[in-house]
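Here the structure is laid out as structure tokens; the discussion comes afterwards.
The values are calculated or read from the model by the stated rules, or taken from the named source; none is laboratory data. These figures come from a predicted structure and were not determined experimentally. Side chains are part of the model used for accessible areas, which takes the heavy atoms of the whole protein and leaves out ligands, DNA and RNA. Shrake-Rupley method; radii C 1.70, N 1.55, O 1.52, S 1.80 Å.
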Amino acid sequence: SITKQSIKKRLFYTKCKEKRAHTYLFLLSKLPFVLLIGLSGSVASYNAQKNDDIDLFIVTQSCKMWSTRAAAVAL
């Protein structure tokens, strides 16, 4: 069941994950061929749990997907 405490925990985990991702998102957004970075999954819906990952989708210029992927992995 959903309790006030479980909601507070999920909000806490979501905020922590947002903070952690912020620097990486900022750096990725500076790449000239990145058009859009979207946050999805449990973090985007403010429903993250302790072991959840951070899901992103990245829109790039044509033929730049693999360059962007390499940069994201390097970060």
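To the nearest 10, the accessible area of Leu27 is 80 Å² with a 1.4 Å probe. The H on the amide N of Thr60, modeled in the peptide plane, is under 5 Å from the matching H of Leu35, each at least 5 residues off or on a different chain.
Restricting attention to the chain, lysine pairs at least eight places apart or on different chains and with alpha-carbon atoms under 19 angstrom apart total 13. For the chain, the solvent-accessible area works out to 78 Å² per residue, with a probe of 1.4 Å and every protein chain left in place. Each pair of Cα atoms in the chain enters the Kirkwood radius, and Stokes-Einstein at 25 °C and 0.890 mPa s then converts it into a translational diffusion coefficient of 182 µm²/s. Placing Ile2, Ile54, Ile7 in order of accessible area, with the largest value first and a 1.4 Å probe, yields Ile2, Ile7, Ile54.
Can you pull the percent of the chain's accessible area that's carbon plus sulfur, 1.4 Å probe, other chains left in place? Carbon plus sulfur share of accessible area: 59 percent.
Measuring with a 1.4 angstrom probe and ignoring ligands and nucleic acids, Val73 comes out at about 110 Å² accessible.
Here's how it looks for Ile54: its modeled amide H is under 5 Å from none belonging to a residue 5 or more places away or on a different chain.
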